[in-house]
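Since the structure comes first, as structure tokens, the remarks are kept for the end.
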Amino acid sequence: MYPNQRRRLRRSRLDLRRPPTLASRFSRPHFDGLTGGSEDSYVRHMLLRARSKGWRVVVFNSRGCGDSPVTTPQFYSASFLGDMQEVVAHVGSKYPKAHLYAVGWSLGANILVRYLGHESHSCPLSGAVSLCNPFNLVIADQDFRKGFNIVYDKALASALCRIFKKHALLFEDMGGEFNIPLAANAKSVRQFDDGLTRVSFGFKSVDDYYSNSSSSDSIKHVRIPLLCIQAQNDPIAPSRGIPCEDIKANPNCLLILTPKGGHLGWVAGPEAPFGSPWTDPVVMDFLEHLERASSNAFPCFSDLKDVQQISEGLNSLEV
């Protein structure tokens, strides 16, 4: 996201025809959840609020999400950062004088934080926000298969299968360890990842994929302002997976932890229950503060006296 008074929206496609490869470990780009896209209500609410304040907004739909086409036998994953790097570079090249900020939800937040850690000192973004980040995918997977969470698991698996079946012909001749019938008929996210995702990105097992795709280890490498907002009762992003100590130890990071809210369900504030969630104005206040600071040519987040005063002792804030 970057400030601008023009508010017209249009859809465009960044054609990445080469299949992505395994990564070692973007105006305001938005990064959606596991099967989310630009038409989801949480994205639209944030988009409209940002536009009303004169910001130009880019929504990044991952391969197959938001009705985006898939042209190679490769979807997206929590491990692969190549598409995000391409989108950030593309937006940055179109608006080289703009400050870029990013907001990510759920799995999109996990990918965003991994990107921040991977880019570290060379990150082209001026700030970022992570909402309902699962952080530790091993823990998230464990909790996902317990109690009522199984309902969420089946719903997300069904959404993944629908996306896959739209592009099944691309995968019909895949050999090796691919289990296409398992992915096409998956009853859980784990089954889908086992049949397709982890094989596509070179992992020997689902646990290997989850362990090496978690963003919890990336927090210590974040060098730009990052606001993390989580809910203690989130069934998809368990609070026990939040790297609280690493967030506290990193002066660039802030954590807001609410007792309620579920997964992207902060239905509170003056626009509740059908308007934007409580988090939207908080996110915009954070980003607008960063933009004012950047416009005044402050070199980095940790050098801002006013931010230090506000954030001192609030690296972890429970409300």
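Of all residues in the range 64-82 being in a helix (DSSP H, G or I) and surrounded by fewer than 21 Cβ atoms within 10 Å (Cβ to Cβ), which is modelled with the highest pLDDT? Among those that are in a helix (DSSP H, G or I) and surrounded by fewer than 21 Cβ atoms within 10 Å (Cβ to Cβ), it is 82.
Counting only residues that are assigned to a loop (DSSP other than H, G, I, E, B) and over 15 Å from residue 132 (Cβ atoms), which one in the range 230-267 is most open to solvent (accessible area, probe 1.4 Å)?
Going through the qualifying residues, I end up with 251.
Residues in the range 86-130 that are touching a His at 6+ places or on another chain (Cβ under 7 Å) and part of a strand (DSSP E or B) were compared, and the one that is least open to solvent (accessible area, probe 1.4 Å) is 103.
Looking only at the range 230-262, count every residue that is under 18 Å from residue 117 (Cβ atoms) and of a type outside the set (S, T, N, Q) and tell me the total. Number of matching residues: 14. Taking the range 285-315 as the range and being closer than 22 Å to residue 232 by Cα and either modelled with pLDDT of 55 or more or open to solvent by 40 Å² or more (accessible area, probe 1.4 Å) (or both) as the test, the residues that pass are 286, 313, 314, 315.
Within the range 165-177, the set of residues being open to solvent by less than 60 Å² (accessible area, probe 1.4 Å) and part of a helix (DSSP H, G or I) comprises 168, 171.
Within the set 225, 270, the sole residue that is over 26 Å from residue 148 (Cβ atoms) and surrounded by fewer than 19 Cβ atoms within 10 Å (Cβ to Cβ) turns out to be 270. Looking across the range 178-193, just one residue is within 15 Å of residue 209 (Cα to Cα) and part of a loop (DSSP other than H, G, I, E, B), and that is 178.
Can we say residue 187 is among the basic types (Lys, Arg), in contact with a Gly (Cβ under 8 Å, 6 or more places away or on another chain) and closer than 25 Å to residue 74 by Cβ? I'd like the intermediate steps shown before the answer.
On the way: among the basic types (Lys, Arg): yes; in contact with a Gly (Cβ under 8 Å, 6 or more places away or on another chain): no; closer than 25 Å to residue 74 by Cβ: yes.
Answer is no for this residue.
Testing residue 162 on (1) at pLDDT below 95; (2) within 26 Å of residue 294 (Cβ to Cβ); (3) open to solvent by 60 Å² or more (accessible area, probe 1.4 Å), one condition comes back false. Which one is that? Here residue 162 clears every test but (2).
No other residue among 139, 150 is surrounded by fewer than 20 Cβ atoms within 10 Å (Cβ to Cβ), among the β-branched types (Val, Ile, Thr) and within 30 Å of residue 254 (Cβ to Cβ) apart from 139. So, of the residues in the range 212-222 that are assigned to a helix (DSSP H, G or I) and in contact with a Ser or Thr (Cβ under 7 Å, 6 or more places away or on another chain), which turns out to be least open to solvent (accessible area, probe 1.4 Å)? So, considering only residues that are assigned to a helix (DSSP H, G or I) and in contact with a Ser or Thr (Cβ under 7 Å, 6 or more places away or on another chain), the one least open to solvent (accessible area, probe 1.4 Å) is 212.
The values are calculated or read from the model by the stated rules, or taken from the named source; none is laboratory data. The model shown is predicted, which means the values in this text are computed figures rather than measured ones. Note: ideal-geometry Cβ built from the backbone for every residue, glycine included; neighbour counts use all protein chains shown. Keep in mind that these areas ignore ligands, DNA and RNA; they rest on the heavy atoms of the full protein, side chains included. Shrake-Rupley method; radii C 1.70, N 1.55, O 1.52, S 1.80 Å.
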